[in-house]
Amino acid sequence: MPLFIIFTETFLTERDKQSKWSGIPQLLLKLHATSHLHSDFAECQNILKEISPLLSMEAMAFVTEERKLTQETTYPNTYIFDLFGGVDLLVEILMRPTISIRGQKLKISDEMSKDCLSILYNTCVCTEGVTKRLAEKNDFVIFLFTLMTSKKTFLQTATLIEDILGVKKEMIRLDEVPNLSSLVSNFDQQQLANFCRILAVTISEMDTGNDDKHTLLAKNAQQKKSLSLGPSAAEINQAALLSIPGFVERLCKLATRKVSESTGTASFLQELEEWYTWLDNALVLDALMRVANEESEHNQASIVFPPPGASEENGLPHTSARTQLPQSMKIMHEIMYKLEVLYVLCVLLMGRQRNQVHRMIAEFKLIPGLNNLFDKLIWRKHSASALVLHGHNQNCDCSPDITLKIQFLRLLQSFSDHHENKYLLLNNQELNELSAISLKANIPEVEAVLNTDRSLVCDGKRGLLTRLLQVMKKEPAESSFRFWQARAVESFLRGTTSYADQMFLLKRGLLEHILYCIVDSECKSRDVLQSYFDLLGELMKFNVDAFKRFNKYINTDAKFQVFLKQINSSLVDSNMLVRCVTLSLDRFENQVDMKVAEVLSECRLLAYISQVPTQMSFLFRLINIIHVQTLTQENVSCLNTSLVILMLARRKERLPLYLRLLQRMEHSKKYPGFLLNNFHNLLRFWQQHYLHKDKDSTCLENSSCISFSYWKETVSILLNPDRQSPSALVSYIEEPYMDIDRDFTEE
């Protein structure tokens, strides 16, 4: 029972004089009395308007820097409102329309719903635990979606839902939302963009270990659990959205809409007024207002923003006759929208319906649309001050401009990764260039290039991939974008190695740029180094021309030593390059060609990798830095690289030699059995992990050009329990040090 019912109004009034409750308990008592089922709610709305400013002032203080000036800040009004049952009462009032009396449903005005939502949100902002309590009311959360049918309450509802879903332990299922398809289909483009903020929470896996830092053991356990439980809520929600007619098409239109095509001045100013009275967007508005002031002073254009509630009869803010909306405000507006839309498209691209989404994204020309926006919006030149949110700096990842770039690069990475649609990143002239490269090299043209629908590719002088390469080469050494740029370009090269793709990038100076970053700028960032090593490996693999270019750039022993120092500083970061060079060396040694022979005799890197002591050093360290319990998506490549070295040794009938050398290295380190026991356990896990995952096995086969059956055979030979076998690991582990049957879950 709420506290305001327990006490009389007289008692509450007397107590209020001492405790300074601002009359909130009495107002709640009146609100309860005037909000019964047969009320016309007129008096109820008046009371809400008395309560609202008492809470909004505290919420405004919460979202400004003023709260940082005091060590302890309390918000008594919102606390008292919640303590006396105000939150539950407002939930009850909002949900009155779900109650039928004699077959008729009750109705409350949009204005009253708006006041209730505003008060609830302000309470969530200031009082700990309120949002979590609301999140536990699943019927209320589902009901909130129905309030988004009205434009007057849409923004308030969406913001409250977003906060609630952010703390909800169990993900909501969109298929439980009444008339979801009709709801979303009736959104205008502005509403749909804002709705994407909610979708971002509902379609992303909550904590399933998809991050590179989660162990593969944990991932495998989660996958087994998921198989027994069926599709996750996120997967169900993705399917629900994709079943809505025209949903992906509208997202593509939003993502590729030019600033000039966006919402007109009047509609935009109306939304800004709503943001002004809606605190969740206070930081965004702060940035927009500063930009407006800067450009208004510069352009002699003025915009008059009224105080909350002050508007003309048509609901629009007062504007001068000569009002001209500053261009930077329009741009910021589009950036905020596109952020959310690109994120949703990116998640859908990585989901179970990936091929369906890929087909639709291609059909609706997302890629050529983004290409047309690249210079003017996505990677435009700007003044830093105009794009920084309140309380942040221009290098902060929270900056909308920076976040948009990163989200754009993540989308390109997901779009290109192991999919033939990656050639849509080129224009017609560039596709012709790929064909010419294949013709000149006298090799078959890539089938995916031949099958590319030329009406869906980029237009203009440069395709999206070429534009990305141009900005990548101009990026400052310390830029955080380098990692994402390298990942996006590398995804274009992933899969079955294509000589034409490599040459296309080599001709644009990509290899020299990567080597400059690794060697001359002596990059220190581990993430950037790893992405550059991975990209360099894909760019050089099996490509004689790439190795010639490498040798031409790394033309002194001093440069080569710096390069080796970077490789050896962290094998987790560089092992993919080591793998690609090792595979390339093996192929070159089996080719009879003057050009190849010349590269083999001159290239420092190939000569270095060809030495058995070098290979053994890499092999020992690769096995030593990983363990079953610490394997992640990021470092499992070390295990596969060690296997590549041993598979190539097996081809040359040198596998027993390599195992014997590993045994000697163990003894020299005074740890007999430690390395080989660890490797045995790693290979047991490898069998468990890869033999049940078709995608991973395909990736291993395509990237190495070694059949997966040979991978499996090699692992089986190494795990042979026969101690008489010269190629079995157990033959090189002395009996006293044998420890090969440990359960993976032990630790």
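The values are calculated or read from the model by the stated rules, or taken from the named source; none is laboratory data. Owing to the predicted nature of the structure, the values given are computational and were not obtained by experimental measurement. Backbone-built Cβ (ideal geometry, glycine too); neighbour counts: all protein chains shown. For accessibility, only protein heavy atoms count, side chains too; no ligands or nucleic acids. Shrake-Rupley method; radii C 1.70, N 1.55, O 1.52, S 1.80 Å.
Numbers for the structure displayed
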| read-out | value |
| --- | --- |
| Any hit, the range 568-588, residues being aliphatic (A, V, I, L, M), touching a Cys at 6+ places or on another chain (Cβ under 8 Å) and at pLDDT below 95 | yes |
| Filter result for TYR532 (in contact with a helix residue (DSSP H, G or I) (Cβ under 6 Å, 6 or more places away or on another chain), among the hydroxyl-bearing types (Ser, Thr, Tyr) and part of a helix (DSSP H, G or I)) | yes |
| First in the range 361-375 and among the small types (Gly, Ala, Ser), second anywhere and crowded, with 20+ Cβ neighbours inside 10 Å and at pLDDT below 95, Cβ under 7 Å, 6 or more apart | GLY369/ALA255; GLY369/THR256 |
| Qualifying residue in the range 126-145 (condition: part of a helix (DSSP H, G or I) and of a type in the set (S, T, N, Q)) | yes |
| Pick from the range 190-242, criterion assigned to a loop (DSSP other than H, G, I, E, B) and among the hydrophobic types (A, V, I, L, M, F, W, C), ranking: modelled with the lowest pLDDT | MET206 |
| Unique residue being open to solvent by 10 Å² or more (accessible area, probe 1.4 Å), within 25 Å of the chain's Cα centre (by Cα) and closer than 24 Å to LYS253 by Cα when the list is GLU170, GLU162 | GLU162 |
| Boolean, SER399 is open to solvent by less than 20 Å² (accessible area, probe 1.4 Å), under 18 Å from TYR499 (Cα atoms), at pLDDT below 95 and out of contact with any strand residue (DSSP E or B) (no Cβ under 8 Å at 6 or more places or on another chain) | no |
| Helices (runs of 4 or more DSSP H) wholly inside the range 581-675 that include at least 3 residues being open to solvent by 20 Å² or more (accessible area, probe 1.4 Å) | 594-602, 604-610, 612-624, 655-668 |
| Counted residues, the range 517-528 - those being assigned to a helix (DSSP H, G or I), closer than 17 Å to ASN568 by Cβ and more than 20 Å from the chain's Cα centre (by Cα) | 2 |
| Failed item in (1) more than 20 Å from ASP527 (Cβ to Cβ); (2) modelled with pLDDT of 95 or more, with ALA486 passing the rest | (1) |
| Counted residues, the range 76-94 - those being under 10 Å from CYS126 (Cα atoms) and crowded, with 22+ Cβ neighbours inside 10 Å | 2 |
| Count of the range 644-658 residues which are touching a residue at least 40 places away in the same chain (Cβ under 8 Å) and farther than 17 Å from TYR732 by Cα | 5 |
| Filter pass, THR127 being modelled with pLDDT of 80 or more, within 26 Å of ASN194 (Cβ to Cβ), open to solvent by less than 20 Å² (accessible area, probe 1.4 Å) and not aliphatic (A, V, I, L, M) | yes |
| Subset of the range 494-512 [surrounded by fewer than 20 Cβ atoms within 10 Å (Cβ to Cβ) and over 14 Å from LYS541 (Cβ atoms)] | LYS507, ARG508, GLY509, GLU512 |
| Residues that are farther than 14 Å from LYS595 by Cα and crowded, with 21+ Cβ neighbours inside 10 Å, drawn from the range 536-562 | LEU536, GLY537, GLU538, LEU539, MET540, LYS541, PHE550, ILE554 |
| Check on LEU389, modelled with pLDDT under 90, within 21 Å of the chain's Cα centre (by Cα) and more than 30 Å from ALA233 (Cα to Cα) | yes |
| Condition check for ASP139: within 23 Å of THR159 (Cβ to Cβ), exposed (fewer than 14 other Cβ atoms within 10 Å of the Cβ) and modelled with pLDDT of 90 or more | yes |
| Residue check for VAL592: more than 29 Å from GLN724 (Cβ to Cβ) and either within 41 Å of the chain's Cα centre (by Cα) or modelled with pLDDT under 95 (or both) | yes |
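Matching residues to (1) touching a strand residue (DSSP E or B) at 6+ places or on another chain (Cβ under 9 Å); (2) over 21 Å from GLN591 (Cα atoms); (3) in contact (Cβ under 8 Å) with a residue 40 or more places away in the chain:
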{"position": "CYS603", "(1), (2), (3)": "no, no, yes"}
{"position": "LEU606", "(1), (2), (3)": "no, no, yes"}
{"position": "SER610", "(1), (2), (3)": "no, no, no"}
{"position": "MET616", "(1), (2), (3)": "no, yes, yes"}
{"position": "LEU619", "(1), (2), (3)": "no, yes, yes"}
{"position": "ASN624", "(1), (2), (3)": "no, yes, yes"}
{"position": "THR630", "(1), (2), (3)": "yes, yes, yes"}
{"position": "VAL636", "(1), (2), (3)": "no, yes, yes"}
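One line per residue, one yes/no per condition, for (1) closer than 17 Å to CYS523 by Cβ; (2) among the small types (Gly, Ala, Ser); (3) in contact (Cβ under 8 Å) with a residue 40 or more places away in the chain:
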| position | (1), (2), (3) |
| --- | --- |
| VAL544 | no, no, yes |
| ASN551 | no, no, yes |
| ILE567 | yes, no, no |
| VAL581 | no, no, yes |
| GLN591 | no, no, no |
